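For reference, the structure is listed below as structure tokens.
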Amino acid sequence: QQSGPTRNEAIPVNDVDFLPLSAFAVAVATVWWAFSGGKRKVPVRSAADANIEGMARFQAGDLAGAIKLIDEALRQDPGLASAHYNRAVVLSFQGRHPEALASIDAMFACRPAEVEPLIGIADPWYLRGILRLDQANYQGAIDDLSQAFDLEPSEPATLLCNRGLAWLRLGKLD
């Protein structure tokens, strides 16, 4: 007498030994890992994500962490204009004005498609104007602050005071 199913009978599920799906997935992953050289690849954070995380750190008051993440973004994508701008913002908060000016200048030199959304707002022009004023580039400050003024800044009175200061330092009182 046969104890198992005949050829045309269905096999009851509870009579079959099988691996649970999770164990099967682990087994496949282990085999793949072994044949791929055994090195586990760490997921890479994109440049845009590192830049965004850097600004989140900045807003939380972690300036050193912000610079670290923004620099990571720029290592991955040196043409990421928003990362250059964000780096300039953080550096200016740290009082590192020459480095901040270099970063904002780098932003303006990035890929046109990256820079275009930024040059249509007052903030980058205002920041570069203030940094140029700090570095005694008064004509450059006037030019940038004038561009920022044309783009309707959030604080026009402050901008005009700084532009007036640049004019004063140039000795142009009229």
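The values are calculated or read from the model by the stated rules, or taken from the named source; none is laboratory data. For clarity, every value in this text was computed on a predicted model and none was experimentally measured. Here the Cβ is made from the backbone with ideal geometry for all residues, glycine too, and neighbour counts use every protein chain on show. Surface accessibility is based on the protein's heavy atoms, side chains included, excluding ligands, DNA and RNA. Shrake-Rupley method; radii C 1.70, N 1.55, O 1.52, S 1.80 Å.
Side notes on the structure shown:
- Rounded to the nearest Hz, the phi-derived 3J(HN,Hα) couplings of the range 96-112 under the Karplus curve 6.51 cos²θ - 1.76 cosθ + 1.60 (θ = phi - 60°) are 9, 5, x, 5, 5, 5, 4, 5, 5, 5, 5, 4, 5, 8, 6, 3, x, where x marks glycine and proline.
- With a cut-off of 15 Å between beta carbons, the residues surrounding Gly61 carry a summed charge of 0, where Lys and Arg count +1 and Asp and Glu -1.
- Overall form of the range 40-137 per C-alpha gyration tensor (a/c, 1.5; a/b vs b/c): oblate
- Rolling a 1.4 Å probe over the protein heavy atoms of the range 73-174, with every protein chain left in place, gives an accessible area that is 55 percent carbon and sulfur.
- Note on Arg45/Leu165: beta-carbon distance plugged into 1/(1 + (r/R0)^6) with R0 of 30 Å gives a FRET efficiency of 0.15.
- The range 109-160: C-alpha gyration tensor shape, a/c 1.5 cut-off, then a/b vs b/c: oblate
- Linear extension gain, Ser154 paired with Arg96, 0.36 nm per residue minus alpha-carbon span: 18.5 nm
- Inter-label distance, nm, simple model (7 Å from Cα along the C-beta direction), Ala64/Arg111: 3.3
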